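Values quoted throughout were computed directly from the atomic coordinates according to the rules given, and no laboratory measurement underlies them. Just so it is clear, the structure is predicted and the values come from calculations on it, not from any experiment. Cβ coordinates were reconstructed from backbone atoms using ideal geometry, including for glycine residues, and neighbour counts include every protein chain displayed.
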Amino acid sequence: MLGTLTLVLAGCEAGHDGSGQGRRPAGANVTIRVPADAPTISAAVSLAQPGDLVLVAAGVYHESVKIATDRITLRGENRDKVIIDGQLRQPNGIVVAAPAVAVENLTVENNTQNGVLVTGSAKALSGSPGHGGYDTGNEPVTFLNSFLVSYVTATRNGLYGIYAFSAQNGVIEHSYTSGGADSGMYVGQCKPCRIVVRDNIAELNAVGYEGTNASGEMYVVGNRLVGNRVGLTTDSDHLEKLLPQQDAAVVGNLVAGNQQAPTPEQADGGWGIGIGIDGGSRNQFIHNRITGNVNAGLVITATNDIPPDGNQVVDNTFAANGVDVGWTFPNATHGQGNCLQANDLGTTVPAQLAVIASCPGTAQSPALSGTWTMPTAPGGIPFTDVAEPGAQPQFPDATTTGATAVPAAPALPDIAGIPLPSASLLADSARVQTF
C-alpha cells in the first residue's frame, strides 16, 4: 500500500515529525526512493502517480522498466552508478509508453534491443525479437506525445541506445551512446516530429544518429558524432510508415573520424562516412564540421525507388575526408534539386559540384551522379565488446530537484543562431579524441 512507504513530498516533509513518514496528502506529488521505499525501479514506477519523482540510489538493477503512467520522472541519483543492466536477457532497459515522462541521470546497458525505448507503437512495445519495432501494414500510426531523455548513458545495446519511434514532441539531450549495434540514437516514424536531439555524444556505434521517416520540425543540433562507423544518416525506409523522410535540420554538429574498427558492424555495412542522405528530401545541413571521414564527408543517394530531392548543404566546413561531398545514384532512381552553398569544401564527386549545383536548387537541377574508390571496411566487433564509457556529466542537483515538468511541445531551436562547432566539441566526456 502506498501509505506504508516512506514518501518525501516534493518541496516539503510528508510527516509532522520531519521523518518523511506519512500518507500521500490529497493532490500531492511525492518522491519515491529506490530501494528505500520500493525494492526495485519497476515497483516504484508502479506506485507512482502523475507528477511523482522516482529517485534511484546507486546500484545495479537487473530489470526492464516500463513506464505506463504519464508525467512521471525517473531519475538516478548518480548517472554513472545507477545502472539498469539487461544481462542480454531482455529486449529493453527502459520503455516509455506514456506521455510527458522524463528519464534522467542513469545508465542502461546490455539489452538485446534498446537501452531506452520511447514509443506509441504496439509493435515496438511488443519487443518482438529481430523486429525492433519496424512498422508495416495498414493500421494508422499511434504517436506517443511529449517525452524527455536527458543525461542518460546507453551503452552496449543490441539495436539502439536511445530509440524514439512513433513519438512526437520530445527532446533527447546531454546523453551518451556507444556500442549501439545499429545506432546510438534513432528517431523513426514521426510526422511532424517536433523532436530536438541536442548536445549528445554518440561514439563507437555502428551509426551515431539515424533518422528514418522522421519528418517535420526534426532538429539534430550541437551533437558530437565522432568515432562511429557512420556518423549520421537521414533516410527513407519501406519497413516503416510515413514515407518519405523530409524536412529535418542538421545543424552545428561535429561529425568526424567515423571509421572506428572496434565498433559493431551494421547490416548495411556502411563505414567511413560522416553524413549519409539515403532517400531523404528537403533537409538542411548547416554549420556542421565534417572532417576526417575516410570514405566521404557527406553522401547523397537514393533508397531503391525513393529519390533524395531538395536537400541543402550550406555553410559547412569539410576537411580531410576521402571525398568531401559525393552524389552517387547506382540505380535508376536519381535525386533532383539538391544544392550546395558557401561551404568550406575541397573534393566533390562529380567534380565541380559546388558550381554546377549551387543553391538555390530547383526541381529541374541535374540529377548528377558519380563514383569513387571506397575503402574496404574492416570487420566489426560484438556490441558487447565495445569499450566502457568514461564518467559523464551529472544532472544538476539530482537529489534535491523535484520532478521535471515535460512540456506538451519542446521549444524549437533557432538554427540561424547555432554556430559552427569547434573540433573539441564535448571532447571532455568522449573516449574517441583523435580523427
_Name the residue from ALA44, VAL406, CYS193 whose Cα lies farthest towards the positive end of the charge dipole of the chain, charges +1 on Cβ of Lys and Arg and -1 on Cβ of Asp and Glu._
ALA44
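For region 132-254, would you read off the P(r) tail past 23 Å as a percentage of all alpha carbon pairs? Let's see the in-between values first.
Values: 1543 of 7503 pairs.
For region 132-254, the share of Cα pairs beyond 23 Å comes to 21 percent.
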*Neighbouring Cβ atoms within 10 Å as the yardstick, rank CYS359, CYS339, CYS190 fewest first.*
CYS359, CYS339, CYS190
_Can you tell me what share of the DSSP beta bridges in the chain is antiparallel? A percent to the nearest 5 is fine._
5 percent
_3J(HN,Hα) from dihedral phi, region 281-290, Karplus parametrisation 6.51/-1.76/1.60, rounded to Hz, x for glycine, proline_ = 9, 6, 8, 10, 10, 9, 6, 8, 9, 10
*Please give every one of the lysines within straight-line cross-link reach of LYS66, meaning a C-alpha to C-alpha distance under 16 Å, and leave out same-chain neighbours fewer than 8 residues apart.*
LYS123
*Would you mind ranking MET218, MET374 by Cβ crowding within 10 Å, fewest neighbours first?*
MET374, MET218
_Rounded, prolate or oblate, given the Cα gyration tensor of region 72-194, with a/c below 1.5 counting as rounded?_
oblate
